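Scroll down for the structure; my scribbles are underneath it.
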Amino acid sequence: MNTWKQTARIAALIFAVASLAACSKSPPEAPLAQGKVSAPVLQIRNQGMAAYARVPGTVVAHQQVQLSSRLSGYIHSMSVRDGQSVRAGQLLFEVDPTDVVGQVQQAQAGLAEAQAALTDARSNYERFKVLYAQKAIPKQQWDQVKSAYGMAQARVAAARGGVGTAQSQLRYARVTAPFSGIITRKFLQNGDLASPGQPILALADTSRLEVQCSVSGTLYHSLQIGQKIAVLVDGKRVPATVLDLVGAADAMTHAHTVKLSLPADSTLQAGDYVSVEVPVTQRQVMTVPAAALLDRAGIPGVFVVDAQGVAHYRMVRPGPSTPEGVEILSGLSAGETVVVGNLAAVNNGDHIEPEGATHG
């Protein structure tokens, strides 16, 4: 009797364990749709997109110059400051012309001396001309008088040229702006001694800006003057136009200089650092509108609509933003459909009624 009871207990235990095992192996039921939501959807597909090489560039003024003096002297009358706007022809500074004034006076004294000598030579010329006509002097003496008169005339002409040269130097004592622009740097101040060729001020016309960058030979040959490319700054894309391609490469880096013109409303300033996008080839990518991306607990994702029209939240790895949308690096496959609008009303498991099925 005890043996029968023990056998019955063992059989009951085996049945209970088998029942639990069978329950554990049964697949979980799919979540039921919580509701119906009307929302726009987008069918994802691969599309060709240009790949870019990004190279660093610098914003510079289209016209810029370093101003110096052709005279040696102390600087005065400099009232401009860094960043000040000036107009063409405006006085920027003066150089003390004391040395030049002395040169002018010396040249004028030399001219007066030459003119006095010319007066004597002319008197001798007139007097000996009459004597030679009367055959009162030999031809050799007459030739000497004519030669002295000609040399006196030449000395006067040279002295006048010296005076003109010295006086022209006085013009360089006053330095004016060659064009309208902004003072970008002051190298010297009032009271400093200026030397010929030494930079004193830097002037730039910031009304026209351009970007200068260096590219490899491969990228250089892919560009054309007038081509439209993008300049990136602070996450924004600014349209630019290829203005100039320098054919001679740098001897050290073997890179070519490329100049790009910027639109007048670019809001960039001279000296800004930018990145230049140079198109190189085509590649296949998938993109979704930025509005389709959600952030759940710091994890980016989208709502994918299955064949039954049910929305499932799926994690994705977004890439860079493009004119067509945000590139999706992983998490989606071509042909899948995602919700692109009314996301605030969508929950995981909702049945989506498409407002308008489109293709990406």
*asked:* Could you list, ordered by first residue, the pairs with Cβ atoms under 6 Å in which the first is in the range 58-78 and part of a loop (DSSP other than H, G, I, E, B) and the second is open to solvent by 30 Å² or more (accessible area, probe 1.4 Å) and not hydrophobic (A, V, I, L, M, F, W, C), at least 6 apart or interchain?
replied: 70/172; 70/196; 71/172; 72/195; 77/94; 78/190
_Condition (residue is assigned by the TED database to the domain that holds residue 163, of a type outside the set (Phe, Trp, Tyr), in contact with a Pro (Cβ under 9 Å, 6 or more places away or on another chain) and more than 30 Å from residue 256 (Cα to Cα)) applied to the range 89-101: is it met by at least one residue?_
yes
*Failed item in (1) assigned to a strand (DSSP E or B); (2) out of contact with any helix residue (DSSP H, G or I) (no Cβ under 9 Å at 6 or more places or on another chain), with residue 94 passing the rest*: (2)
*Any chance the range 112-127 includes a residue that's under 60 Å from the mean Cα position of the chain (by Cα) and either at pLDDT below 85 or not assigned by the TED database to the domain that holds residue 160 (or both)?*
yes
*Collect the residues in the range 313-328 that are under 34 Å from the mean Cα position of the chain (by Cα) and either exposed (fewer than 13 other Cβ atoms within 10 Å of the Cβ) or charged (D, E, K, R) (or both), keeping them in residue-number order.*
317, 320, 323, 324, 327
_Just to confirm my filter: which strands (runs of 3 or more DSSP E) fall fully inside the range 303-360 and include at least 2 residues that are touching an Asp or Glu at 6+ places or on another chain (Cβ under 7 Å)?_
311-315, 317-322
_Here's a check for you: in the range 218-227, which residue that is not hydrophobic (A, V, I, L, M, F, W, C) and not in a loop (DSSP other than H, G, I, E, B) is least open to solvent (accessible area, probe 1.4 Å)?_
220
*Could you tell me which of the residues 43, 90, 66 is surrounded by 14 or more Cβ atoms within 10 Å (Cβ to Cβ) and either of a type in the set (Gly, Ala, Ser) or closer than 19 Å to residue 186 by Cβ (or both)?*
66
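Every residue, every condition in (1) open to solvent by less than 70 Å² (accessible area, probe 1.4 Å); (2) among the charged types (D, E, K, R); (3) not assigned by the TED database to the domain that holds residue 287, yes or no:
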{"site": "307", "(1), (2), (3)": "no, no, no"}
{"site": "311", "(1), (2), (3)": "yes, no, no"}
{"site": "336", "(1), (2), (3)": "yes, yes, no"}
{"site": "346", "(1), (2), (3)": "yes, no, no"}
_Take residue 263 and tell me if it is outside any loop (DSSP other than H, G, I, E, B) and either on the phi > 0 side of the Ramachandran plot or not hydroxyl-bearing (Ser, Thr, Tyr) (or both)._
no
*Just to be sure, is residue 272 over 29 Å from residue 37 (Cα atoms) and charged (D, E, K, R)?*
yes
_I'd like to know if the range 257-266 contains one or more residues that are in contact with a Gly (Cβ under 7 Å, 6 or more places away or on another chain) and within 17 Å of residue 221 (Cβ to Cβ)._
no
*Just wondering, is there one or more residues in the range 193-204 that are of a type outside the set (D, E, K, R), surrounded by 13 or more Cβ atoms within 10 Å (Cβ to Cβ), within 27 Å of residue 102 (Cα to Cα) and assigned by the TED database to the domain that holds residue 79?*
no
*Given 253, 281, which one is under 25 Å from residue 327 (Cβ atoms), of a type in the set (S, T, N, Q) and open to solvent by 60 Å² or more (accessible area, probe 1.4 Å)?*
281
*Given the structure, is residue 48 exposed (fewer than 13 other Cβ atoms within 10 Å of the Cβ) and either aromatic (Phe, Trp, Tyr) or within 30 Å of residue 335 (Cα to Cα) (or both)?*
yes
_Tell me whether the range 228-238 contains one or more residues that are β-branched (Val, Ile, Thr), surrounded by 14 or more Cβ atoms within 10 Å (Cβ to Cβ) and touching a residue at least 60 places away in the same chain (Cβ under 8 Å)._
yes
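The values are calculated or read from the model by the stated rules, or taken from the named source; none is laboratory data. Everything quoted here is computed from the prediction, not taken from an experiment. Backbone-built Cβ (ideal geometry, glycine too); neighbour counts: all protein chains shown. Accessible surface areas use protein heavy atoms only, side chains included; no ligands, DNA or RNA. Shrake-Rupley method; radii C 1.70, N 1.55, O 1.52, S 1.80 Å.
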